[in-house]
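The values are calculated or read from the model by the stated rules, or taken from the named source; none is laboratory data. As the structure is a computational prediction, the values presented were derived from the model and not from experiment. When we count neighbours, we look across all protein chains shown, and the Cβ atoms used for this are built from the backbone with ideal geometry, even at glycine. To get the accessible areas, we keep the full protein, side chains included, count just its heavy atoms, and leave off ligands, DNA and RNA. Shrake-Rupley method; radii C 1.70, N 1.55, O 1.52, S 1.80 Å.
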Amino acid sequence: MNIETTPLLSVQSLGKDYGGKIGCTDVSFDLWPGEVLGIVGESGSGKTTLLNCLSAQFEPSRGKVVYDTRVDGPRNIFDMSESERRLLMRTDWGLVRQNPRDGLRLGVSAGANVGERLMAIGARNYGEIRGVASEWLEKVEIDTNRIDDRPTTFSGGMQQRLQIARNLVTNPRLMFMDEPTGGLDVSVQARLLDLLRGLVTRLGLSAIVVTHDLAVARLLAHRLMVMKDGRVVEQGLTDQVLDDPQHAYTQLLVSSILQP
Amino acid sequence: MYVAVKGGEKAIENAHSLLAEERRGDTSIPELTISQIKTQMTLAVDRVMTEGSLYDRDLAALAIKQARGDLVEAIFLLRAFRTTLPRFATSEPIDTGAMHVRRRISATFKDLPGGQVLGPTFDYTHRLLDFSLMDDGNETEAQQDLSFEPGEALPRVSKILNHEGLIQQEHPDADDAAVPDLTREPLDFPAGRAVRLQNLARGDEGFLLALGYSSQRGYGNNHPFAGEIRMGEVEVEIVPEDLGFAVVIGEMTVTECEQVNQFKGSAVEPPQFTRGYGLAFGHSERKAMAMALVDRSLRSAELGEEVENPAQDEEFVLYHSDNVEASGFVQHLKLPHYVDFQGELEMVRNLRAEQQQMNHKKAGE
Amino acid sequence: MSQAQTQSLEGYNFAYLDEQTKRMIRRAILKAVAIPGYQVPFGSREMPLPYGWGTGGIQVTAGVIGASDTLKVIDQGADDTTNAVSIRRFFARTTGVSTTERTEDASIIQTRHRIPERALSEGQILVYQVPIPEALRWLEPRETETRKMHALEEYGVMHVKLYEDIARFGRIATSYDYPVVVNDRYLMRPSPIPKFDNPKMDNMPALQLFGAGREKRIYAIPPYTKVKSLDFDDHPFEIQKWDDCCALCGAKDSYLDEVVMDDEGGRMFVCSDTDYCEDRRVEGHIGPMGTPQAAE
């Protein structure tokens, strides 16, 4: 039962242009605590541009992204100072990149990777930091004996799970994920998706997941937004959109899923 | 019995005397004169002036003599001297278009107004040691006056390409914005083109040569052409406040290189050629050409190209191009570091002891 | 030990640099003192000594030195090491000020890699020679990024390095140039002084100035400022200890140099701070290998 009256994230008429071209435009939606929104489309649809604007990697050309901060209530993240935004990104938000090597420090141990956010916000007890890191490694199903190993010695799936742990250690309320299972073997993907689903439910996380893979969307997302040429062509409950697509493009996408 | 060693002051004095002796060498051999260095080792003098950032042939020759031929040491001497000089004016930009040209070539056109003037170049010599130079006094008088007098002004290649709008225009930053002075203010990033060019102009020739070479070999997409290389004399002008018009205060020899590179164009720009620019004191072609290659590489970011290679990395290139800084820091390793080394010794000894203890414990279990 | 010399360098300004440049350096110093631990960029000049050999310290000293000052210059804690001699001669030639080897008699002390053992007092200035001023440099080579990290106080990555040391070696493995936080705000590198000297910086009555010539940065710790070495609560900061004492004066509380006696591992330890050692011997302290010394 949702007693919240304020959405966790409220996006209003967001748009981003590159040179003369549209990256994405006219995007509006609300995201509630505990909700997972999937953004699907093919390459060039603008979904990655949209994610980058939502997660404050880029500044949009127009529109607002209003986040319900813990302390000050709803605020447009682009009205914040860079310092406030960067703090938000390191504590209340998480960003899981498609290639885990882009989201990890490859030169330091798994434990240091997971503990970094804690140290960034002032944790000063080595034993405690190590303990928390160990707990999280367990939660993402990485053998805790590998806490001192470098990520370069991990498989792709393990690196991705490490990236997730690194982001979750500060108990963020909102996660952004860019093709979280991209590049992984199918069985590894399945395991990762299970893990993500479990975490999202247990931790009450909200998430925005960009993916071109409708199967991933169906497994993870409560709601879907379908993008084409920078615009949202359809949105709604995941099952509805996938089982009864209204827009011609969505119909094309759905019918293109290879059946085993 | 241990006695703390003293006498550093005396040791230094003795070292200086020994150095002076070595510099002079065998006193039965005539001493090198400044005019000999100035007139017969002109390219060494040119390099010292360029990287020393000071145009004065006598002082550069003196620095070379004092430095016993070590050009990087000579450059250091000149820079240190430059620090102390008062500044009374900033010159107008030199007009290389009005150069009294002694050499001018272009690889982009077979022929062009003014022609290809080879001038005094090593380019087509066969690198065979000329043993006739081993003995003095074998020079013969010049047969004819071979110096070049241009019949008409030599138009720039870039101007020729410009007629069709084929080459990207150089736009100076906002009209009256003061040009930053790298010798007065610390380097800041992102550095503008003006600061980059200053840094490269006084940068180490070897370093720029290697970077330019790397850009040609695929560590950077350059496809360069030597649009024009010209060498000769230009006038230096200042505008004294009380006169309000330009006055010529002297002339200097410079070498200028404009490289022409291809550019594919973007959504808003049609395809055009882009430039790399190099400028050096005296007759310094290798330097000017290397500088032009690196200049173009460093423009990758502003031209929307992928920045992937060292020659395109602004911080990497500009921070490491100064051989006075580089030489100082590399050679500072000769200074005593025994206090810190003592700390490291203690650390390593302790770590090893701890590890041994652990191993003993494990063995005992 | 003090000597006054008449200015002997023809054609050069007092302390070599022109007045404009000195003013520029002082402006940078004032800014640095106003923001303890913050690196202020300055237009470092080419000096007659090479970059990397103390030009930053020399420019800072040249900026603050006056005719009535007394200057001490040390390197590795000793007045007689070659570069200390060279720098002291430079100032003697270009300023004519008195020089000394006694810490308590100096108004300005320029140092490389040590803080004197004897506590400094108000009114003294300690000038450090700094090779690499940026504390985050090894973790982040880009200047544009490190500047942002300082501005936003994003120092978590520094603790990551310490964590990693403990995970790998069981202890923090940095023995010199040990990072500190100044005035509870800026992360700073104290220059390659051994960590043994770090506690001396905290709440020091003297003014501490840091000059990096090649990297073109000046920073400062005003008198009586808090300086804390980075550590973890359960792995607190520790200074070096020796089993031996100084062989000449018997000191157990000073930083000791290791002197190799033979090629069979024979060693002895001697105070790195030569002035401190001499004072102790004059006062009558004798170490296991020292000889009684007549007072000077």
Residue hits (region B:303-356; among the β-branched types (Val, Ile, Thr), more than 17 Å from the chain's Cα centre (by Cα), part of a helix (DSSP H, G or I) and over 24 Å from C:MET268 (Cα atoms)) are B:VAL330
For B:SER214: the one exception among (1) surrounded by 16 or more Cβ atoms within 10 Å (Cβ to Cβ); (2) not in a helix (DSSP H, G or I): (2)
For region B:312-352, what are the residues that are of a type in the set (Asp, Glu), buried (at least 20 other Cβ atoms within 10 Å of the Cβ) and within 7 Å of another protein chain (Cβ to nearest Cβ)? B:GLU325
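Quick one: which of B:ALA80, B:ALA74, B:ALA67, B:ALA63 is aliphatic (A, V, I, L, M), without any contact (Cβ under 8 Å) to a residue 60 or more places away in the chain and out of contact with any helix residue (DSSP H, G or I) (no Cβ under 7 Å at 6 or more places or on another chain)? Lay out the reasoning, then the answer.
Values: B:ALA74 fails: out of contact with any helix residue (DSSP H, G or I) (no Cβ under 7 Å at 6 or more places or on another chain); B:ALA67 fails: out of contact with any helix residue (DSSP H, G or I) (no Cβ under 7 Å at 6 or more places or on another chain); B:ALA63 fails: out of contact with any helix residue (DSSP H, G or I) (no Cβ under 7 Å at 6 or more places or on another chain).
The conditions single out B:ALA80.
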Reported set for region C:162-175 where residues are more than 8 Å from every other protein chain (Cβ to nearest Cβ) and either charged (D, E, K, R) or touching a helix residue (DSSP H, G or I) at 6+ places or on another chain (Cβ under 6 Å) (or both) is C:ASP165, C:ILE172
Any residue at all in region C:236-245 that is of a type in the set (Lys, Arg), in a loop (DSSP other than H, G, I, E, B) and within 22 Å of C:GLY77 (Cα to Cα)? yes
Cross-chain or 6+ apart pairs with Cβ under 7 Å, region C:145-158 first and within 8 Å of another protein chain (Cβ to nearest Cβ), then outside any helix (DSSP H, G or I) and surrounded by fewer than 19 Cβ atoms within 10 Å (Cβ to Cβ): C:VAL157/C:LEU139
Verdict on A:GLY230 being touching a Cys at 6+ places or on another chain (Cβ under 6 Å) and not hydroxyl-bearing (Ser, Thr, Tyr): yes
Could you please tell me which pairs satisfy a Cβ distance under 6 Å, a separation of 6+ or placement on different chains, a first residue in region B:22-35 that is under 10 Å from B:ARG68 (Cβ atoms), and a second residue that is assigned to a loop (DSSP other than H, G, I, E, B)? B:ARG23/B:ARG68
Can you name every residue in region C:182-199 that is more than 14 Å from every other protein chain (Cβ to nearest Cβ) and either among the small types (Gly, Ala, Ser) or surrounded by 21 or more Cβ atoms within 10 Å (Cβ to Cβ) (or both)? C:VAL182, C:MET188
Return the residue satisfying two criteria in turn: it lies in region C:148-172 and is part of a loop (DSSP other than H, G, I, E, B) and closer than 20 Å to B:GLU354 by Cβ, and of such residues it is least open to solvent (accessible area, probe 1.4 Å). C:ILE172
Need the failing condition index for A:ALA112 against (1) more than 30 Å from A:ARG161 (Cα to Cα); (2) assigned by TED's automatic domain parsing to the domain that holds A:THR152; (3) not basic (Lys, Arg), just the number. (1)
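Residues checked against (1) under 16 Å from A:VAL209 (Cα atoms); (2) of a type in the set (A, V, I, L, M); (3) in contact with an Asp or Glu (Cβ under 6 Å, 6 or more places away or on another chain); (4) at pLDDT below 90:
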position	(1), (2), (3), (4)
A:ASP17	no, no, no, yes
A:ASP30	yes, no, no, no
A:GLU35	yes, no, no, no
A:SER45	yes, no, no, yes
A:ASN52	yes, no, no, no
A:GLN57	yes, no, no, yes
A:VAL71	no, yes, no, yes
